[in-house]
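Structure first, commentary second.
The values are calculated or read from the model by the stated rules, or taken from the named source; none is laboratory data. As the structure is a computational prediction, the values presented were derived from the model and not from experiment. No Cβ is skipped: glycine too gets one built from the backbone with ideal geometry, and neighbour counts run over all protein chains shown.
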Amino acid sequence: MKRVVVGLSGGVDSSVAAYLLKEKGYEVIGLFMKNWHDEGVTISKECPWLDDSNDAMLVADKLGIPFQTVDLSAEYKERIVDYMFNEYERGRTPNPDVLCNREIKFDVFMKIALSLGADYVATGHYCRKGETQVDGKTAFQLLAGKDKNKDQSYFLCQLSQEQLAKTLFPIGELQKSEVRKIAAEQDLVTAEKKDSQGLCFIGKVRLPEFLQQKLQPKEGDIVEIPASEEKFQSETKEFQNKLEELQFMSRKYSYQPSEGKKVGRHQGAHYFTKGQRKGLAVGGTPEPLFVIETDVKENVIYTGQGKDHPGIYRRGLFISPDEIHWVRPDLKLEADEEMPVKARIRYRQELQEARLYQTEHGLYIIFDKAQPSITEGQFVAWYREDELIGSGVIS
């Protein structure tokens, strides 16, 4: 009987994952990860982890499986929270959920599980694991979940072959409605529980308030850049070589306050991110203002009117060599190679037709259609069919 440690989060998905594994005859152990109790940085007045660990314990009790809580808050603070503050300070927008999976669930947590003699770790993610043969060896595949509306493969885009080898995704073949139905039939306390929102395992977090506890407010200008600005006019250019063309297509616009007009004040450019609409507190424009760029050095936020403002869109992006990750190393591109893929720059975004170009300096992704709010620090993931084969941090 193979032993599986399930990350019981106190939600319906991991509860049903544990039930399904038990039904299949695995020896199942439930482990709850406690990832936060730093009173110095409060997240919310409520304490979701207490409720969640209680629900996880009730589910384990109902299923008749051993249960314990592991405290990973020191690792979480160091690897996720400190990293987040650091990224925001640099004017980048990190994705804590992707990091939490790479650094906590499938690293620290997995090592604890394996030390308990586990053959596998299982989670309640909506994705699937496949296998294929490459040169006589097994290569593991990260496949999209069958529930297209819930597919969470993007959040696992940084997993390695070693991690996938030891992982099971029991609900990947199911629709969310089926998962809830199973939970109700088994009378699990989590059957009707709402899906958690907010940072991975922290609970309800309001980002600006969270960031203000470490990053000091610093007043600066909000500048509106008109859509008619000369730099947005499409120009036909002659390129000396492919690299020059790739650099041109993935360049980001840079702005000066003199190119627009001052329309308001903000409390710190590092609290804002590209594409953001809420929180600017500037009224009186025919169309709502969107953030098109933040300059943390000069502490200026540049905005444009309407979601079709040309400053929001770009055809390409760049990933520096040390931030390229291949889930399938056998498909890795060498310098001067290219590959057609489908890619997404954020969770839930429809997959977009794109092409990868590997150069000596790093990887370029050029989309068939210009993409809104390509944001430094976020992850881009690329697919072939429904298999996620690689990802990287947008530079």
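Some points to look at:
- Residues being assigned to a helix (DSSP H, G or I) and surrounded by 12 or more Cβ atoms within 10 Å (Cβ to Cβ) - total across the range 248-267: 4
- Among the residues making up the range 262-277, those that are over 20 Å from ASP308 (Cβ atoms) and modelled with pLDDT of 95 or more are LYS262, GLY264, ARG265, HIS266.
- Single unsatisfied condition, THR167 versus (1) touching a Ser or Thr at 6+ places or on another chain (Cβ under 7 Å); (2) surrounded by 20 or more Cβ atoms within 10 Å (Cβ to Cβ): (1)
- Scope the range 195-247; condition part of a strand (DSSP E or B), among the hydrophobic types (A, V, I, L, M, F, W, C) and either more than 22 Å from the chain's Cα centre (by Cα) or at pLDDT 80 or above (or both); matching residues: ILE222, VAL223
- Residue list for the range 85-98, restricted to those being at negative phi and in contact (Cβ under 8 Å) with a residue 40 or more places away in the chain: PHE85, GLU87, TYR88, GLU89, ARG90, ARG92, THR93, PRO94, ASN95, PRO96, ASP97, VAL98
- Flag if GLY275 is part of a loop (DSSP other than H, G, I, E, B), on the phi > 0 side of the Ramachandran plot and surrounded by 13 or more Cβ atoms within 10 Å (Cβ to Cβ): yes
- Among the conditions (1) buried (at least 19 other Cβ atoms within 10 Å of the Cβ); (2) at pLDDT below 95, the only one that LYS307 does not satisfy is (1).
- Every condition in (1) farther than 28 Å from ASP336 by Cβ; (2) small (Gly, Ala, Ser); (3) touching a strand residue (DSSP E or B) at 6+ places or on another chain (Cβ under 7 Å) is met by SER250 except one, and the failing one is (1).
- Residue match in the range 269-286 (condition: among the aliphatic types (A, V, I, L, M), more than 22 Å from GLN212 (Cα to Cα) and in contact (Cβ under 8 Å) with a residue 24 or more places away in the chain): no
- Residues of the range 143-165 that are touching a residue at least 12 places away in the same chain (Cβ under 8 Å), farther than 22 Å from VAL12 by Cα and of a type outside the set (Ser, Thr, Tyr): CYS157, GLN158, LEU159, GLN161, GLN163, LEU164, ALA165.
- Sole residue being assigned by TED's automatic domain parsing to the domain that holds ARG265 and surrounded by 18 or more Cβ atoms within 10 Å (Cβ to Cβ), chosen from VAL296, VAL393: VAL296
- Note on the range 122-154: among residues that are in a strand (DSSP E or B) and under 17 Å from the mean Cα position of the chain (by Cα), the one that is nearest to MET33 (Cα to Cα) is CYS127.
- 2 or more residues under 23 Å from the mean Cα position of the chain (by Cα) and closer than 30 Å to PHE140 by Cα: qualifying strands (runs of 3 or more DSSP E) within the range 283-395: 313-319, 324-326, 338-344, 352-358, 363-372, 379-384, 387-393
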